[in-house]
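Some notes on the structure that comes next.
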């Protein structure tokens, strides 16, 4: 009898990723605030560029993403030769685990860290290691205490998801200084644009042999459906990642849209301005309702209720009003709801609905 067909070790331990809900029975056009998307959508210049690229869909796209890397480098002040582009920053995370982790090695993340860290670690046959946070903030000491010779990668989302908390560069630098030289520190900057003056860890990634930064076009640039991200770090690591990257991993439409999006500085600046104003108003409004909420450094807030039952009740009430948010139980917050910061009218609806819910309970 032949041996049964089995996948590589670790793969069957992966729980399927659950994205934010987008449809709601009884509501033809619900207000979706479950996936931290830009409520204003992409830049009109990006939309025009994507439309223009459709006519060349019979042509293979660039394999080296040269024009997009040059555009990113010009805007962010980076070295284009140290940039790798991927299908969202998720693909860069996956590349890092595929290239540098494996059986007998560990991939570390914090207790509320992005689900893809664990998924990509298990896919590579590595052991995911979860370390505690302190008051929903990355605990540098907990990471350093646990890191050892088998720690291949440490993933830190900053600002973090789903907490929206932020770790200052002094603490990030202390973490980089304290990790083993053989361990790669990965700074996931998916929400970096929402922190004024923060480079996402680019300077550290540009000066250390074992630090990588990842970024995405899915959030601030409003291109979540296009799937474009990038990594920045030492040339030696970028060279390794390019050896396992598919030659045509990004379509011509995606490349054109991302290049136009990052070039439209006025559009993204206005989106960030509105987000900052509305984020502060949403946090303040939640606190006035007696709903706990940390200061947010992203484009969403984590509203914390007394218990899971109250959170589920609030979620159900919001759905009844045609509003979809995220119940992040799988991230360790059964008593919370993660709410994307929307436009002014969107946030008015959320606060009014939660006020009515609080008045009814």
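The values are calculated or read from the model by the stated rules, or taken from the named source; none is laboratory data. Not measured: the values here are computed from a predicted model. Here the Cβ positions follow ideal geometry from the backbone for every residue, glycine too, while neighbour counts run over all protein chains shown.
Of the set (1) under 26 Å from residue 197 (Cβ atoms); (2) touching a residue at least 60 places away in the same chain (Cβ under 8 Å), all apply to residue 330 but (1).
Apart from one condition, residue 314 fits all of (1) in a helix (DSSP H, G or I); (2) touching a helix residue (DSSP H, G or I) at 6+ places or on another chain (Cβ under 6 Å); (3) free of Cβ contacts under 8 Å to residues at least 40 places away in the same chain; the exception is (3).
For residue 180, the test of being in contact (Cβ under 8 Å) with a residue 60 or more places away in the chain, surrounded by fewer than 19 Cβ atoms within 10 Å (Cβ to Cβ) and within 30 Å of residue 148 (Cα to Cα) is failed. In segment 324-361, of all residues being under 16 Å from residue 160 (Cβ atoms) and assigned to a helix (DSSP H, G or I), the one that is nearest to the chain's Cα centre (by Cα) corresponds to 331.
Of all residues in segment 122-134, those satisfying the criterion of being without any contact (Cβ under 8 Å) to a residue 60 or more places away in the chain and either surrounded by fewer than 16 Cβ atoms within 10 Å (Cβ to Cβ) or under 21 Å from residue 329 (Cβ atoms) (or both) are 128, 130, 131, 132, 133, 134.
Within segment 225-245, residues that are touching a residue at least 60 places away in the same chain (Cβ under 8 Å) reach partners that are surrounded by fewer than 14 Cβ atoms within 10 Å (Cβ to Cβ) and assigned to a helix (DSSP H, G or I) with beta carbons closer than 8 Å, at six or more positions or on different chains, in the pairs 235/81; 238/81.
Go through segment 79-98 and count every residue that is over 16 Å from residue 236 (Cα atoms) and outside any helix (DSSP H, G or I).
So the first thing to find is which residues in segment 79-98 are over 16 Å from residue 236 (Cα atoms), and the list is 86-91, 93-94.
Of the ones still in play, those that are also outside any helix (DSSP H, G or I) are 86-87.
Of the residues in segment 79-98, 2 are over 16 Å from residue 236 (Cα atoms) and outside any helix (DSSP H, G or I).
The residue list 48, 53 contains one member that is assigned by TED's automatic domain parsing to the domain that holds residue 233, outside any loop (DSSP other than H, G, I, E, B), surrounded by fewer than 16 Cβ atoms within 10 Å (Cβ to Cβ) and touching a helix residue (DSSP H, G or I) at 6+ places or on another chain (Cβ under 9 Å), which is 48.
Which ones in segment 9-29 are assigned to a loop (DSSP other than H, G, I, E, B) and in contact with a helix residue (DSSP H, G or I) (Cβ under 8 Å, 6 or more places away or on another chain)? Within segment 9-29, 10, 14, 15, 17, 18 qualify. Name the pairs: first residue in segment 82-108 and closer than 22 Å to residue 204 by Cα, second residue assigned to a helix (DSSP H, G or I) and at pLDDT below 95, Cβ to Cβ under 6 Å, at least 6 apart or on different chains? Hits for this filter: 90/116; 93/116. Check whether at least one residue in segment 141-150 is surrounded by 22 or more Cβ atoms within 10 Å (Cβ to Cβ) and either in a helix (DSSP H, G or I) or out of contact with any helix residue (DSSP H, G or I) (no Cβ under 6 Å at 6 or more places or on another chain) (or both), and report yes or no. Yes, the conditions are met somewhere in segment 141-150. For segment 99-108, indicate whether the set of residues that are surrounded by 22 or more Cβ atoms within 10 Å (Cβ to Cβ), in contact with a strand residue (DSSP E or B) (Cβ under 7 Å, 6 or more places away or on another chain) and farther than 30 Å from residue 328 by Cα is non-empty. No, because not a single residue in segment 99-108 is surrounded by 22 or more Cβ atoms within 10 Å (Cβ to Cβ), in contact with a strand residue (DSSP E or B) (Cβ under 7 Å, 6 or more places away or on another chain) and farther than 30 Å from residue 328 by Cα. Sub-6 Å Cβ pairs linking a first residue in segment 1-25 that is within 16 Å of residue 331 (Cα to Cα) to a second residue that is at pLDDT 75 or above, at least 6 apart or interchain, are 14/119; 14/122; 17/115; 20/34; 20/35; 20/326; 21/34; 21/324, ordered by first then second residue.
Could you look through segment 268-300, keep only residues that are outside any loop (DSSP other than H, G, I, E, B) and either at positive phi or in contact with a strand residue (DSSP E or B) (Cβ under 8 Å, 6 or more places away or on another chain) (or both), and pick out the one that is surrounded by the most Cβ atoms within 10 Å (Cβ to Cβ)? In this case the residue turns out to be 300.
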